[in-house]
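What follows is a short report on a single structure.
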Amino acid sequence: MCGIVGILGNGAAAPRLVEALKRLEYRGYDSAGVATLERGELKRVRAEGKLRNLETRLADHPLHGAIGIGHTRWATHGRPTENNAHPHASDRLAVVHNGIIENFRTLREELAAKGYRFATETDSEIAAFLVTDELAAGKSPADAVYASLRRMRGAFALVYLFEGEDNLLIGARQGAPLAVGQGDGEMFLGSDALALAPFTDRVAYLEEGDWAIVTREGAEFRDADNNVVQRRFVKTPAGGLLAEKGNYRHFMAKEIHEQPEVIGHTVAHYVDMGAQRLKPFDWPVDPKSLNRVSIVACGTAHVAGLVGKYWIERFARLPVEVDVASEYRYREPPVDKDGLTIFVSQSGETADTLASLRYVKDNGARSVAVVNVATSSIARLADAVAPTLAGPEIGVASTKAFTCQLVAMAALALGLGRARGVLSEADETRLVGELAATPGLVAETLKLEPAVEKIAQKLSTARDVLYLGRGTAYPLALEGALKLKELSYIHAEGYAAGELKHGPIALIDAAMPVIVLGPRDPVFEKTISNMQEVSARGGRIFLIGDAHAAEEAAVTLESFLPMPDMASTFAPIVYAIPVQMLAYHTAVIMGKDADQPRNLAKSVTVE
Ligand code: M6R
C-alpha cells in the first residue's frame, strides 16, 4: 500500500510530484522517490524514510524534467532502504508500483537467467525488467506493458515512464486503485483523487484490469483484454480539499476535534432532524425478508462492525455475524443469496475487505458499503452505499472515520428495525433524538482533554495496559487497546469485563493500568462487580464513566474521568473520544509520531 503518482506537465514535475506525495504519505512512509526525464534521459532521486528526506535530497540535486513519476513506500518485499526505494529503473524505463506481485520469484528467476541483474530486494523491480525485456524484443512501450501485465499475478497498480518518451506515461490497475487526472494541456496519474487535487478536479478511475496510455493530449483506456474502453472523467469533490493541520500539532489531534462537526454531518445525512425520523434508505434487499446480516471489515472498521452487531440485533432482532476480512475471504463461508453483508471501510480500498466484497458478489448476494471515500473501489462495487461524512482522514489512526462509521451503523440498524416492524414510530423518534444528541455530547467530552492528558502521563510509563468493557463498551475496549498499541507501542489488550475471571485476571498486579469503560447502561452493575475483582487483587483502576459512576463503584480508583450524562444506547460514539485522546496523548508524551506510527500505513491495499 504505497502511494504512486505521475505527471505529464509543462513546468518542472519534481516539486509537484512531492506535493502529490505529501497527500499520499498516509499510504506509507518508509521511503520516497521521484524520477523525471531530462532531455529524454531518466534521472532519479530517492531517499530512505519520510518525504522530508526526499525533499532535502531534491534541494541538493534538483530535477528539472516536466514529466515524471513519484512514490511513497510501505515496505512489503525488502527493507525500507534507499536502494529498495522506488522508482525502480532499467536502462529503458522507470516504474512506481503499489501492491504485491505474487509470482515475482518465478519471474525473477526467468529474468535473471536472461541476464538481468537485480539491484533491489523488491518484487517491484520485476515490473521494470519485464517491460524492458519486451521492449528489447522490439515491442512498443504500450505493447510491452500490456504483454507484461498479462504475466504478473497479484494486486497492484503501476505507472511507467520511458527513456526518450517525453509525452507518455502508462498506468495500470489490477487490484489496487489508480486514477487519471485531466488538466489544461497536462495529465496526471495517482493512487487517489486527493493526490491530484492540487492540479485538477477532473478525474477518471481505472476499473479492475484496466490500463491507460496517457499523453498531454488525453488518456486512452484499455481493459484487461486490450479493448479500448471509455472511462468517464468526473468532477471530484476531493479537488477543493486541502490536507492541512491548521493550528493543531498533528492531523490526529485535528481529526479528533473535528468530530462534533463530522458526526453532525453524518447524522444529518441519515436523519430528518425536523421530523425526528430516519430518512429513507435504498436497501438492496427487502429488510423484511432477511434472516441474518453479516459484517466484514478490518481493524477499527471491524470494531465499528462489532458495535453494529449489538445495535442490529437489538433494534432489528436479526442475528449478526462479524468477521475480520482477512479471515472471511479465505474461509469460503456459505453465502446466503437472500442475505445482506455490510462492508465497513474508511478508505474503501482495504485489500481484504475488497476481496471479501468480491466474494459475496460472486456468490450472488447483496451488499451495503459503509465507506468514507465515496469514489473508492468498495463504494463503487457495493450494491448500496451508506456514507460516512468524516472528510479526508490523514492521521493513520482512525478517529473521526470510526465515530462516523458508528453513526452509519446506528442508522442502518434503526432503519432495519423500522423496516422489519420491530421498532415503533415512537421508538424511532426517541432513538433518532438520542443519535442526534451525540455531536453535542462529543463536543462536551472534548473539554475533558486536560484531564485525559494527566491520565496519559501515567499510561506513558506502563508496559502493558488492559481495557475492559461490557455490552457495546466491550468493542470499545478492543478499540482502546488497538489505538494505544498502534500509537504508543505499549502492549494493550481489550477484554469483555465478564471474561476477566476466565484468564486475564492473572495479569492483574500493582503495575498494570486497567482502564474501565463504564457508561451507565443496563450492565453497568455487572461492570462494578468486575472492578471489585480487580480492586481486590490490588489492580490500578482508571474508570471512564458518568458523574456518579465513581461513587457507585465503591472501589479505590487511581483515576476517574467524569463523562457527561447520556442515554446509553449510542454511548460508544461519545466514549470513543477519551479512548482516542488517551492514545494520542500517551504517544505524544512518549515522543512518538502520532500521525505516522511506525510500520503502519493508512490504506492497507495489500493482504
Ligand atoms: O480503510 P479501512 O477502514 O478499511 O482500514 C481498516 C484498518 O486498516 C484501519 O481501521 C486500521 O486498523 C487503523 N489504523 C486503526 O486506527
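The values are calculated or read from the model by the stated rules, or taken from the named source; none is laboratory data. Computed from a predicted structure; not experimentally measured. Ideal geometry is used to build each Cβ from the backbone, glycine not excepted, and the neighbour counts take in all protein chains shown. SASA here: full protein model, heavy atoms, side chains in, ligands and nucleic acids out. Shrake-Rupley method; radii C 1.70, N 1.55, O 1.52, S 1.80 Å.
If the condition is being buried (at least 24 other Cβ atoms within 10 Å of the Cβ) and among the β-branched types (Val, Ile, Thr), then region 453-485 contributes VAL465, THR472.
The number of residues in region 310-328 being assigned to a helix (DSSP H, G or I), under 19 Å from ARG366 (Cα atoms) and touching a residue at least 40 places away in the same chain (Cβ under 8 Å) comes to 2.
Conditions (1) more than 8 Å from the ligand (Cβ to nearest atom); (2) farther than 29 Å from GLU255 by Cβ, marked per residue:
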residue: LEU340; (1), (2): yes, yes
residue: ASP362; (1), (2): yes, yes
residue: ALA384; (1), (2): yes, no
residue: VAL396; (1), (2): no, no
residue: ALA401; (1), (2): no, no
residue: LEU406; (1), (2): yes, no
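For region 47-98, a residue qualifies if it is over 22 Å from THR132 (Cα atoms) and open to solvent by less than 10 Å² (accessible area, probe 1.4 Å), and the qualifying residues are ALA47, LEU51, LEU54, THR72, ARG73. Taking region 420-527 and the helices (runs of 4 or more DSSP H) fully enclosed by it, the elements with 1 or more residues that are over 30 Å from the mean Cα position of the chain (by Cα) are at 425-436.
Here ASP143, ASP91, ASP166 are screened, and the one residue that is of a type in the set (D, E, K, R), farther than 28 Å from THR350 by Cα, in the same structural domain as ASP30 (by TED's automatic domain parsing) and outside any loop (DSSP other than H, G, I, E, B) is ASP143. For region 340-363, the criterion of a residue being crowded, with 17+ Cβ neighbours inside 10 Å, assigned to a loop (DSSP other than H, G, I, E, B) and without any contact (Cβ under 8 Å) to a residue 40 or more places away in the chain is satisfied by at least one position. Would you call GLN580 assigned by TED's automatic domain parsing to the domain that holds TYR474, polar (S, T, N, Q) and closer than 22 Å to HIS257 by Cβ? Against the criterion (assigned by TED's automatic domain parsing to the domain that holds TYR474, polar (S, T, N, Q) and closer than 22 Å to HIS257 by Cβ), GLN580 qualifies. Report whether or not GLY498 is within 16 Å of the ligand (Cβ to nearest atom) and open to solvent by 10 Å² or more (accessible area, probe 1.4 Å). It is false that GLY498 is within 16 Å of the ligand (Cβ to nearest atom) and open to solvent by 10 Å² or more (accessible area, probe 1.4 Å). Filter region 94-128 down to the residues that are part of a loop (DSSP other than H, G, I, E, B) and touching a residue at least 40 places away in the same chain (Cβ under 8 Å), then identify the one that is farthest from ALA32 (Cα to Cα). By that ranking, first place goes to ASN103. Look at VAL271 and say whether it is more than 25 Å from the chain's Cα centre (by Cα), more than 15 Å from LYS337 (Cα to Cα) and open to solvent by less than 10 Å² (accessible area, probe 1.4 Å). For VAL271, the condition - more than 25 Å from the chain's Cα centre (by Cα), more than 15 Å from LYS337 (Cα to Cα) and open to solvent by less than 10 Å² (accessible area, probe 1.4 Å) - is met. Kindly check whether there is at least one residue in region 591-602 that is away from the ligand (no atom under 16 Å from the Cβ) and either surrounded by fewer than 24 Cβ atoms within 10 Å (Cβ to Cβ) or among the hydrophobic types (A, V, I, L, M, F, W, C) (or both). For region 591-602, residues away from the ligand (no atom under 16 Å from the Cβ) and either surrounded by fewer than 24 Cβ atoms within 10 Å (Cβ to Cβ) or among the hydrophobic types (A, V, I, L, M, F, W, C) (or both): present. Given the condition modelled with pLDDT of 95 or more, part of a loop (DSSP other than H, G, I, E, B) and open to solvent by 50 Å² or more (accessible area, probe 1.4 Å), answer yes or no: does some residue in region 372-384 qualify? Looking for residues that are modelled with pLDDT of 95 or more, part of a loop (DSSP other than H, G, I, E, B) and open to solvent by 50 Å² or more (accessible area, probe 1.4 Å), one finds at least one in region 372-384, hence yes.
Quick check, is LEU194 open to solvent by less than 10 Å² (accessible area, probe 1.4 Å) and aliphatic (A, V, I, L, M)? Spelling it out, it is not the case that LEU194 is open to solvent by less than 10 Å² (accessible area, probe 1.4 Å) and aliphatic (A, V, I, L, M).
Among the residues of region 408-427, is any closer than 21 Å to PRO284 by Cα and within 14 Å of the ligand (Cβ to nearest atom)? There is at least one residue in region 408-427 that is closer than 21 Å to PRO284 by Cα and within 14 Å of the ligand (Cβ to nearest atom).
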